[in-house]
1. With VAL93, VAL102 as the choices, which residue is in contact with a helix residue (DSSP H, G or I) (Cβ under 6 Å, 6 or more places away or on another chain) and among the β-branched types (Val, Ile, Thr)?
2. Any residue that is open to solvent by 50 Å² or more (accessible area, probe 1.4 Å) and under 18 Å from the mean Cα position of the chain (by Cα) - is there at least one of those in segment 162-179?
3. Is there a residue being modelled with pLDDT of 95 or more, among the hydroxyl-bearing types (Ser, Thr, Tyr) and open to solvent by less than 10 Å² (accessible area, probe 1.4 Å) anywhere in segment 218-230?
4. I need a count of the residues in segment 115-145 that are acidic (Asp, Glu), open to solvent by 20 Å² or more (accessible area, probe 1.4 Å) and in contact with a Ser or Thr (Cβ under 9 Å, 6 or more places away or on another chain).
5. Looking only at segment 241-252, which residues are part of a loop (DSSP other than H, G, I, E, B) and among the hydroxyl-bearing types (Ser, Thr, Tyr)?
6. With (1) over 17 Å from the mean Cα position of the chain (by Cα); (2) under 30 Å from MET262 (Cα atoms); (3) polar (S, T, N, Q); (4) open to solvent by 10 Å² or more (accessible area, probe 1.4 Å) as the list, and THR199 as the residue in question, which single condition is left unmet?
7. For segment 97-114, what are the residues that are open to solvent by 40 Å² or more (accessible area, probe 1.4 Å) and more than 22 Å from ARG204 (Cβ to Cβ)?
8. If you take the residues in segment 151-161 that are surrounded by fewer than 24 Cβ atoms within 10 Å (Cβ to Cβ) and touching a residue at least 24 places away in the same chain (Cβ under 8 Å), which one is farthest from GLY250 (Cα to Cα)?
Amino acid sequence: MVAVLAPAPALASVTAPRAMWVWDRPGPAALIDFAVAQGVDELFVSVGQQPDLPWLTAMRREADRAGLRIQALGSATEWIDRPADALAWQQRVLDTGLFDGVHLDVEPWLHPDWATERTAVAGRYLTLLEQVSQASAATVEADIAFWLNEVATPAGEPLDRAVMARVDAVTVMSYRDTATGPDSITGVGAAALASAEATGTPVRLAVETNDLGAGTVAAKQTFFGQRRSAMTSVLAAVDQAVGPSPVYAGIAVHDRRGWAAMRR
């Protein structure tokens, strides 16, 4: 379970946990050194249907040296229709003994039937989460869009709350590059934070560092092109703003490649 931060005094400096998605395969020592240098204490490491054991074993060894937690990151939209495939994947990755839990980046809004059968897809997605969560004692976390509160489940419940009822923690893709205000990291993440407080579910907010393309909408969704120091300041302001929440579990950064490419 993700640690829950205690409320901080209004003027105190809040230091919240940091997590990072890792989709690529950099040198294990370099990966962990970079994570430690950025204050990251948990990694979501992508693992395919057949785990690449030599790299994963070396990465785990380096992570243990630095005291980092590692979650196995799985991302396959088709698991919504084929949960047995997700269960088989989960069994394989946990059997390696290299992971502290499972992290699902399954995005139902990418399903081909989302536009026409949204409620039905949402129902199958929840079934997937429930089966994965029940299949093991390991922690199961999920990435969610910040607007899932606007989507209804077959039972008429907001989808974000239904997800939170089935997993141990969530990471909200609150992709903005400002800390506060109506269209900021905390602004778009507010509904998910409220749902998390109602369900008692630990929640991370998340930011993007990769190039999302041209245009003002894309620009506000990522720190691409900005300096690491500027992002660090914004994330600290998010910690300060949200730190008093009993369910706030820090910030996740997407992803290692984009973050490493930023100028200092």
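1. Result of the check over VAL93, VAL102: VAL102.
2. yes
3. Within segment 218-230, one or more residues are modelled with pLDDT of 95 or more, among the hydroxyl-bearing types (Ser, Thr, Tyr) and open to solvent by less than 10 Å² (accessible area, probe 1.4 Å).
4. Qualifying residue count, segment 115-145: 0.
5. If the condition is that a residue be part of a loop (DSSP other than H, G, I, E, B) and among the hydroxyl-bearing types (Ser, Thr, Tyr), then SER245 is the only one that fits.
6. Here THR199 meets the rest and fails (2).
7. If the condition is that a residue be open to solvent by 40 Å² or more (accessible area, probe 1.4 Å) and more than 22 Å from ARG204 (Cβ to Cβ), then GLY97, PRO112, ASP113 are the ones that fit.
8. Of everything passing the filter in segment 151-161, PRO154 is farthest from GLY250 (Cα to Cα).
The values are calculated or read from the model by the stated rules, or taken from the named source; none is laboratory data. Worth saying up front: this structure is predicted, and the values here are computed from it rather than measured. Note: ideal-geometry Cβ built from the backbone for every residue, glycine included; neighbour counts use all protein chains shown. Each accessible area value is taken on the protein alone, full model and side chains, heavy atoms only, with ligands, DNA and RNA left out. Shrake-Rupley method; radii C 1.70, N 1.55, O 1.52, S 1.80 Å.
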